[in-house]
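The values are calculated or read from the model by the stated rules, or taken from the named source; none is laboratory data. Note that the coordinates shown come from a computational prediction; the quantities given were computed from them, not determined experimentally. When we count neighbours, we look across all protein chains shown, and the Cβ atoms used for this are built from the backbone with ideal geometry, even at glycine.
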């Protein structure tokens, strides 16, 4: 029942998106619409080329950003989880403080656009999110609880280098934790639109979420400008179009969740305890 209650809202959104717009305005929302229609998806089809381009940008940003973020996060967390690392306390406090205090929007904008010269590039959507202090603490706790120091000492005695210990021993034993932060990071990159608002000016670099938000804003503007009684406002699929956008934005990432689900709960349970 709990699982069903989590799925029902998404199913409800899908049903609304395939409801006839006129029927929706007359009858209202329903799990079982009296008349089906694809008005919302037909409307989005007018922006097919832009949506496909934005989808490519979102996939690229999500894949590259997630892989890079997870690599940096796991190496950082592994270092501060080992008692042999001299500066582990300093870097742990540094990560914690970055969760509590933020430099602010203006310094971040100056760093990205002037110092790094990443304005209006796809890397402006990736670099600001390359490190997550929360995921670092999560993986630090996971490493400390699941990888005993004795295993690492045995590997060192056998002549294994630190890199080999990390890649061939620690990472295979940490799949639940890695899967957890991978899913959290991928969701963050996929759903991000704020960085595009700040740094992106070119239409061909818009991520999917930002493009859909712009389409929605344009729909609202047209509806208010032409008046509710005009033919354009009546023909505009406001509700079904909005729900179709939700389906388009949610479905790709929702498909990936079952592949990570068996690791997700275990990773959060083990890594969520701070020592």
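Some points to look at:
- Looking only at region 39-51, and only at residues there that are out of contact with any helix residue (DSSP H, G or I) (no Cβ under 8 Å at 6 or more places or on another chain) and surrounded by 11 or more Cβ atoms within 10 Å (Cβ to Cβ), the one that is farthest from residue 11 (Cα to Cα): 45
- Checking each residue in region 19-31 for being touching a helix residue (DSSP H, G or I) at 6+ places or on another chain (Cβ under 8 Å) and either at pLDDT 80 or above or surrounded by 16 or more Cβ atoms within 10 Å (Cβ to Cβ) (or both) picks out 19, 20, 21, 24.
- When residue 263 is tested against the conditions (1) more than 30 Å from residue 181 (Cβ to Cβ); (2) modelled with pLDDT under 80; (3) surrounded by 17 or more Cβ atoms within 10 Å (Cβ to Cβ), the lone failure is (1).
- Within the option set 56, 60, 71, being under 24 Å from residue 208 (Cα atoms), free of Cβ contacts under 8 Å to residues at least 40 places away in the same chain, surrounded by fewer than 16 Cβ atoms within 10 Å (Cβ to Cβ) and within 23 Å of the chain's Cα centre (by Cα) holds for one residue only, 56.
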